[in-house]
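Report on the following structure.
The values are calculated or read from the model by the stated rules, or taken from the named source; none is laboratory data. From a predicted model like this one, the values you see are computed outputs, not experimental measurements. Don't worry about glycine lacking a Cβ; one is built from the backbone with ideal geometry, like all the others, and counts go over all protein chains shown.
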2 protein chains.
Amino acid sequence: MSDTSENVDVRWHQHAVSRVEREKKHGHQGCVIWFTGLSGCGKSTLANLVDHTLHARGLQSFVLDGDNVRFGLNASPSLLKERHGEDFAKRFGLGFSSLDREENIRRIGAVAELFAQAGLITLTAFISPYRSDRDGIRARLSKGDFVEVFVKAPLEVCERRDPKGLYKKARAGELKNFTGIDDPYEEPENPELVVDSALHSAEELAEIVSDWLEKAGKIPKK
Amino acid sequence: MSDTSENVDVRWHQHAVSRVEREKKHGHQGCVIWFTGLSGCGKSTLANLVDHTLHARGLQSFVLDGDNVRFGLNASPSLLKERHGEDFAKRFGLGFSSLDREENIRRIGAVAELFAQAGLITLTAFISPYRSDRDGIRARLSKGDFVEVFVKAPLEVCERRDPKGLYKKARAGELKNFTGIDDPYEEPENPELVVDSALHSAEELAEIVSDWLEKAGKIPKK
């Protein structure tokens, strides 16, 4: 038994599949396409539409947005409380304070990085209003892996759309620290791409993004 | 301008690629293969070896282990301090307290869930010593999505291997709350699979796991 174990031990070595091997199989590189902009600017719709286009073209992609992180990875204190108790929920649950928002984006950046390592084109759709948070993720990733897409739209257009009724709540004082109302949105200074969602349909924007990805060599030509 | 925006607004609707569509493209379902066991039992080696096998068979898989979460998603306070400051690091950085370990596994579970939603066979390799933490992840996932693999090995075998020198440090009192030494490992009660790493080589174990996945219908037959 002792001998067997020792012989077995010798053979315990790492044999990880490299990112390059995964990308070779996929026929394209992994990367993070980071959509940023005001609530209601159309980030999530656009990310999902681009994802759909990439998927239809046989590429490997995935969207991270509020829909799939807010009940899990970045759950609120009230969501965590039942299963994990009050102390846990208070410490790790995310609200809307400045620190909490910073951690919200940091976790998403770290997860997007993992998806990129898995060789996926990872589309993230979060307001991510602070320049330092976005730049922090850019700094962590390898050169070229972070594609910042500023989805531009005037506040009044976003507020008129108000797809989730959040602006209404923020104006009524029911939501505090709401970006564009009582918390700043810091526009990207050197984004890879700026698209204007007040001037184009979602389909047009998705095509603009796909074309950019093709020209930048992030995805194969059609 | 106002009219244009309103016309544009009508076309803003979600068009997400479903998990089923992703899985159809991959030719297999996404799931989480959760390897659990003592430090040095061979979880990470085994997960990487299975990943390699799946990758070679053209399947979509990825490994989450200490190597790729400890410097990002679940960074320690000291790693977070430089970029995010002391208050942030203290609140969100993860150490080895009971709450911190719970959050460590919770975040990993949430990320594994996202990878499964992306249609990947997601292999996780963490000690994950507490039954309640593992069961919490099982409870969150859809039925059949959580495959718990207990990588069994006697403590003395793991301690003799001690690939990272951690047992030595724990015995010397330099590491506190070390699983198997001064913190308990709670064996799974009903794992999908138990493999004994003191009796088999890593290659043999990887074959056992692959065979199980094939029989369970998680991956196509060779």
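Figures for the structure shown
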{"read-out": "Count of the range B:112-134 residues which are small (G, A, S) and under 22 Å from A:L54 (Cβ atoms)", "value": "3"}
{"read-out": "Within the range B:68-98, considering residues that are part of a loop (DSSP other than H, G, I, E, B) and polar (S, T, N, Q), the one modelled with the lowest pLDDT", "value": "B:S97"}
{"read-out": "Qualifying position, being closer than 30 Å to B:R107 by Cα and modelled with pLDDT under 95, among A:F178, A:F126, A:F115, A:F150", "value": "A:F178"}
{"read-out": "B:R106, sole failed condition from (1) within 13 Å of the chain's Cα centre (by Cα); (2) within 8 Å of another protein chain (Cβ to nearest Cβ); (3) within 26 Å of B:E207 (Cα to Cα)", "value": "(3)"}
{"read-out": "Exclusive hit being farther than 30 Å from B:L59 by Cβ, within 15 Å of the chain's Cα centre (by Cα), modelled with pLDDT of 95 or more and surrounded by fewer than 23 Cβ atoms within 10 Å (Cβ to Cβ), set A:R131, A:R160", "value": "A:R131"}
{"read-out": "Selected residue [at the interface with another protein chain (Cβ under 8 Å from one of its Cβ atoms) and surrounded by fewer than 22 Cβ atoms within 10 Å (Cβ to Cβ)] from B:F92, B:F88", "value": "B:F88"}
{"read-out": "Selection within the range A:181-222 - hydroxyl-bearing (S, T, Y) and either within 17 Å of A:F146 (Cα to Cα) or exposed (fewer than 15 other Cβ atoms within 10 Å of the Cβ) (or both)", "value": "A:S210"}
{"read-out": "Test: residue in the range A:28-40 that is facing chain B (nearest Cβ under 10 Å), crowded, with 18+ Cβ neighbours inside 10 Å and at pLDDT 95 or above", "value": "yes"}
{"read-out": "Members of the range B:57-84 that are surrounded by 15 or more Cβ atoms within 10 Å (Cβ to Cβ), in contact with a Gly (Cβ under 8 Å, 6 or more places away or on another chain) and either more than 11 Å from chain A (Cβ to nearest Cβ) or in contact (Cβ under 8 Å) with a residue 24 or more places away in the chain (or both)", "value": "B:L59, B:Q60, B:S76, B:P77, B:L79, B:K81"}
{"read-out": "Count - residues of the range B:166-180 that are surrounded by 12 or more Cβ atoms within 10 Å (Cβ to Cβ) and either closer than 14 Å to B:F96 by Cβ or under 21 Å from the mean Cα position of the chain (by Cα) (or both)", "value": "9"}
{"read-out": "Matching residues, the range B:188-208, being in contact with a Lys or Arg (Cβ under 8 Å, 6 or more places away or on another chain) and in contact (Cβ under 8 Å) with a residue 24 or more places away in the chain", "value": "B:P188, B:E189, B:V194, B:V195, B:D196, B:S197, B:A198, B:A202, B:E203"}
{"read-out": "Test set (1) closer than 21 Å to B:G180 by Cα; (2) in a helix (DSSP H, G or I); (3) modelled with pLDDT of 95 or more - B:R101 fails condition number", "value": "(3)"}
{"read-out": "Helices (runs of 4 or more DSSP H) wholly inside the range B:116-222 that include at least 3 residues being within 18 Å of B:L46 (Cβ to Cβ)", "value": "B:155-161, B:202-215"}
